[in-house]
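Presented below is the structure to which this report refers.
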Amino acid sequence: MWERGRLPRKPRPSPILVPPPPASPPPPPRLLAFLLPRSLLSLAARAMPSRRPSPLLLLLLALALAFLFLLLSPSAPSASHLSSSLASAAAAVSTPASSPPAPVKIYMYDLPAKFTYGVVRSYMAARARAGAAGAASAIPDDELRYPGHQHSAEWWLFKDLRRRGPRDRPVARVDDPADADLFYVPFFSSLSLVVNPIRPSAAAANASDAAEPAYSDESTQEELLVWLERQPYWRRHQGRDHVFICQDPNALYRVVDRISNAVLLISDFGRLRSEQASLVKDVILPYAHRINSFQGDVGVESRPSLLFFMGNRYRKEGGKVRDTLFQVLENEADVIIKHGAQSRESRRMATRGMHSSKFCLHPAGDTPSACRLFDALVSLCVPVIVSDYIELPFEDVIDYRNISIFVETSKAVQPGFLTSTLRGISSQRILEYQREIKKVKHYFEYEDPNGPVNQIWHQVSSKAPLIKLLINRDKRLVERGTNGTDCSCICSTTKELLRK
């Protein structure tokens, strides 16, 4: 209200708030200035709020505008072409840069039948009943069956190459030796060693010529080498690119010095000297298991026995430890340890024992390895290995510490040490061992398509680069004396020995 006699006051003008000039956008990053024209950048700047935008937001917006510009450009690729390009790029990222290596080419010699099917027929004839010795000769080759034998890898490899197997194998059989990287010699050397039975049959014992067996393994080995030494591909590199299987520790014993350049497929080094065989050039094979595989699941409730062993108590060389282990273990309540020779009944008893035991003992025999180890693995019976010099197959893909227990011989023979160690292993740990065994069990079952045959060829193929290296190396070496050290650490047969 106005006061009387005074004019009303003029209202005081409010101060004028002048807005600050808009902040200039930050200079575009160099990458954006390079990718986009100035007109697009200025348009992006006007569209942004007055607040300083983050560089990340600018980058995202610029990329979106660039993509839009690319699609609207007259020279832009079609949508289908762009989609296919993006798909190709994605495929290139997901596909490994290098394709799997080509299979190693292997040529299998067409040996005279006496070295393959003839060995099987000789084995059958030596055990035939009176008057039936000639029946084996009437059986066609394709109907012959290899005798049940722990060294049957030679049969499986031979049959696999004959049917040529799947295409994704590590080796591929070729018909022209000129195309081959390796040469396989399919002599049934392990079966040849046992053609003549230790105890002749009654028919053979009563025959007039029983003292002179019709088959001679030593003569067969010599004949094989005579045949091979006439082959140009054997003479070319002194057999270095050839492959022999001699799984029995005594197989090819008469000629092993003359073939030691070659790749030998063996079970261990028990009967071989260091200049004859080595892990560098040779391949360790698993024995074929002789008992039935366990078809059940993991578990300890159905395995009441702690430890099982059945085999020959008295062996030579490293196998002498068996007698000591018998003395230490035979009175333990939950341990089954029996002396037994190879027979059908022994195999049935071994099957029952391994399938009902938590652990299976594997002591050294005449050589460090034996088929009993692989019988245990296919039985899901955790092997307890007492063999200080054992070599094991496929150690590039199998860690045997996960599926076996290794005990030094000096400790295993101490009374109470072995059983107290095994009793201290929990049921949960036994189940872990069994699960790990199930994962690798197929590596020990020759009838499995992805089993040991495929893995053996993988091992053989891995030797091919080394063989090529040594062949090329031999071409440039001059004659050297024998008093120096050869740092190649590779077994090598001297030329003088080959000429004998």
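The values are calculated or read from the model by the stated rules, or taken from the named source; none is laboratory data. This is a predicted model, so every value here is computed, not measured. Please note: Cβ atoms are built from the backbone with ideal geometry, for glycine as well, and neighbour counts cover all protein chains shown. To get the accessible areas, we keep the full protein, side chains included, count just its heavy atoms, and leave off ligands, DNA and RNA. Shrake-Rupley method; radii C 1.70, N 1.55, O 1.52, S 1.80 Å.
Could you please state how large a percent of the accessible area of region 305-444 is carbon and sulfur, counting protein chains only and using a 1.4 Å probe?
On the way: 2910 of 6170 Å².
The nonpolar share, carbon plus sulfur, comes to 47 percent.
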Loop-located trypsin sites (Lys or Arg not before Pro) in region 401-443, at most 16 other Cβ atoms within 10 Å (DSSP): none
Cross-link pairs beyond the 27 Å C-alpha cut-off, checked among Lys159/Lys320; Lys114/Lys441; Lys159/Lys441; Lys438/Lys468: Lys159/Lys320; Lys114/Lys441; Lys438/Lys468
Would you calculate the separation in nanometres between label points at Arg162 and Ser274, each defined as 7 Å from the Cα along the Cα-to-beta-carbon direction? 4.1
Hey, what's region 305-444 come to in accessible area per residue, 1.4 Å probe, Å²? 44
Length added when fully stretched, Val397-Arg313, from 0.36 nm per residue minus Cα-Cα: 27.0 nm
Rounded FRET efficiency, nearest 0.05, which uses the C-beta distance separating Thr324 from Val300 and R0 of 35 Å: 0.80
1/(1 + (r/R0)^6) with r = Cβ-Cβ of Ala333 and Ala64, R0 = 56 Å, i.e. FRET efficiency to nearest 0.05, evaluates to 0.10
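Please find the FRET efficiency linking Ser420 to His442, where r is the Cβ-Cβ separation and R0 is fixed at 25 Å, and quote it to the nearest 0.05.
Working: r = 34 Å, r/R0 = 1.36.
It comes to 0.15.
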If every Lys and Arg gets +1 and every Asp and Glu gets -1 at its Cβ, then about the Cα centre region 229-370 yields a dipole, in debye to the nearest 20, of 520
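Identify the chymotrypsin sites (Phe, Trp or Tyr not before Pro) of region 100-156 meeting these criteria: DSSP loop state and at most 14 other C-beta atoms within 10 Å of the C-beta. Working shown, then result.
Working: sites: Tyr107, Tyr109, Phe115, Tyr117, Tyr123, Trp155, Trp156; in loops: Tyr109.
Answer by residue number: there is no such site.
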Assign one of three labels to region 305-444, namely rounded, prolate or oblate, based on the Cα gyration tensor with a ≥ b ≥ c the square roots of its eigenvalues; rounded applies when a/c is under 1.5, prolate when it is not and a/b is larger than b/c, and oblate otherwise. rounded
Simple spin-label estimate for Ala341/Leu466, 7 Å along Cα→Cβ, in nm, reads 4.0
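Roughly speaking, what is the stretch gain from Glu143 to Arg476, that is 0.36 nm per residue apart minus the C-alpha to C-alpha distance, in nm to one decimal? Intermediate results must be reported in sequence, preceding the final value.
Values: separation 333, 0.36 × 333 = 119.88 nm, distance 4.90 nm.
This chain segment gains 115.0 nm when fully extended.
Considering only DSSP states other than H, G, I, E and B, which chymotrypsin sites (Phe, Trp or Tyr not before Pro) in region 288-382 qualify as loop sites with at most 13 other Cβ atoms within 10 Å? Don't skip to the end; give the middle numbers.
On the way: sites: Phe294, Phe308, Phe309, Tyr314, Phe326, Phe359, Phe374; in loops: Phe294, Tyr314.
Here the sparse-neighbourhood loop sites are Tyr314.
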Virtual spin-label span in nm between Ser216 and Asp179, 7 Å along Cα→Cβ: 4.1
Straight-line reach check, Lys105, cutoff 13 Å on alpha carbons, 8 or more apart in-chain or any other chain, hits among aspartates and glutamates -> Asp168, Asp175, Asp176, Asp179, Asp181, Asp241
